[in-house]
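J.: I am attaching a structure below and will ask some questions about it afterwards.
Each reported figure results from applying straightforward, stated rules to the coordinates on display, with no laboratory input. Quick caveat, the model's predicted, so the values are computed rather than measured. Glycine gets a Cβ as well: all are built from the backbone with ideal geometry, and neighbour counts include every protein chain shown.
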């Protein structure tokens with residue numbers, strides 16, 4: 001069921017990234033109409049959807065290579081949340097200084113960073129346990 005949901009979300013992100021971004025802006029921004037997307041933001045969202053589909057179909061083979069990415073994103077989101085959000089907004093929008101975030105965005109980003117870090121550090125059953133020896 002989780003795989004089906006992941007494939008569905010990725011497919012929607014590929015097909016209509018503008019609707020996904022607009023939906024997120026309405027929820028996360030006090031002034032959702034203020035942001036001007038950079039030219040690469042929507043194509044990058046499509047690429048993210050394609051990468052998600054690829055990972056969904058190749059999750060077992062790709063998992064160990066992808067885990068460090070979760071830590072790379074999760075650690076700064078957890079420890080330097082406001083700076084992380086500033087970089088993300090500057091990357092996606094031409095006018096990040098004009099965007100006002102809802103009050104829940106900073107704590108939610110921090111919590112998501114903690115979750116990503118846990119994913120990066122948590123061993124899977126198929127991974128060898130260093131304590132168990134050879």
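J.: Where in segment 21-35 does the amide nitrogen come within less than 14 Å of the point 7 Å from the Cα of residue 103, taken along Cα to Cβ?
T.: Correct set: 30.
J.: How much length is gained on full extension from residue 8 to residue 94, taking 0.36 nm per residue of separation minus their Cα-Cα distance? It would help to have the intermediate numbers written out before the result.
T.: Details: separation 86, 0.36 × 86 = 30.96 nm, distance 2.96 nm.
Full extension from residue 8 to residue 94 adds 28.0 nm.
J.: Quick check: residue separation of residue 79 and residue 57 times 0.36 nm, minus the Cα distance between them. What number comes out in nm? If you can, show how the numbers build up before the last one.
T.: On the way: separation 22, 0.36 × 22 = 7.92 nm, distance 3.19 nm.
Between residue 79 and residue 57, full extension yields an extra 4.7 nm.
J.: Here is a further query. What does the helix-only formula give at 222 nm for the chain: each DSSP H stretch with n ≥ 4 adding -39500 (n - 2.57), the total divided by the residues, and the result rounded to the nearest 500 deg cm²/dmol?
T.: Values: 6 runs with 93 residues, N = 134.
Mean residue ellipticity at 222 nm (helix-derived): -23000 deg cm²/dmol.
J.: Report the gain in length on full extension from residue 114 to residue 15: 0.36 nm times residue separation, minus Cα-Cα distance, nm rounded to one decimal.
T.: 32.7 nm
J.: Output the 0 to 90 degree angle, nearest 10, between the alpha-carbon long axis of helix 81-92 and the longest principal axis computed from the alpha carbons of the chain.
T.: Approximately 70 degrees, to the nearest 10.
J.: Given a cut-off of 18 Å, what percent of all Cα-Cα pairs of the chain lie beyond it?
T.: Values: 5784 of 8911 pairs.
It works out to 65 percent of all Cα pairs.
J.: Between the alpha-carbon centers of segment 73-92 and segment 8-24, tell me the distance in whole angstrom.
T.: 21 Å
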